[in-house]
Amino acid sequence: MPSTSDEAVIQQSFDASLILSLARDNDPDGFTHWTVFDNLQEGLDSGRWVAFIAFKSGLPIGAILLETEEEGRLWIDLLIVSKKHRGMHVGRSLVEHAVTYGMEHDHRVLFVDVDYDNTLALQFYLALGFTNAGIVTNYYSDGSGAVFLTRPLS
């Protein structure tokens, strides 16, 4: 059942092209750098990845892509909101939807990694109840480090 927040409707999606289009249009150097359509579609079809899209007036305005792992781990691989809709709680709603999904599907913890220079993202996730689980240097392909954040789901 879709959920609504701030006029956005959030629905599960199996449409890799829609997710990639949102990512390409709003973060051209991010997510699309490390994934391609076939891999994403295969992951969505197999259940390895779960995606939710936020729609407003029938148009996609944001997406969250979750990777399911063994032992109850759930990773946020992508959180994207259209530039026009940032600051309108769409990202918060997508993360809260991911938390609900994780709890309903018996996941124990939600993870996300954030570039340690991205203070806005760090503040965003900390405000949503994530805690700092540690820093890994030289984590990303460009040599930058990451902060790992976790949020218990039980």
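The values are calculated or read from the model by the stated rules, or taken from the named source; none is laboratory data. Since this is a predicted model, take the numbers as computed values, not measurements. Neighbour counts are summed over all protein chains in view; Cβ atoms, including those assigned to glycine, are modelled from backbone coordinates with ideal geometry.
Observations on the model:
- Of the residues making up the stretch 121-149, those that are more than 16 Å from the chain's Cα centre (by Cα), more than 14 Å from Trp75 (Cβ to Cβ) and part of a loop (DSSP other than H, G, I, E, B) are Thr137, Asn138, Tyr140, Ser141, Asp142, Gly143, Ser144, Gly145.
- Among helices (runs of 4 or more DSSP H) entirely within the stretch 12-120, having at least 2 residues that are modelled with pLDDT under 95 and surrounded by fewer than 18 Cβ atoms within 10 Å (Cβ to Cβ) singles out 16-26, 37-46.
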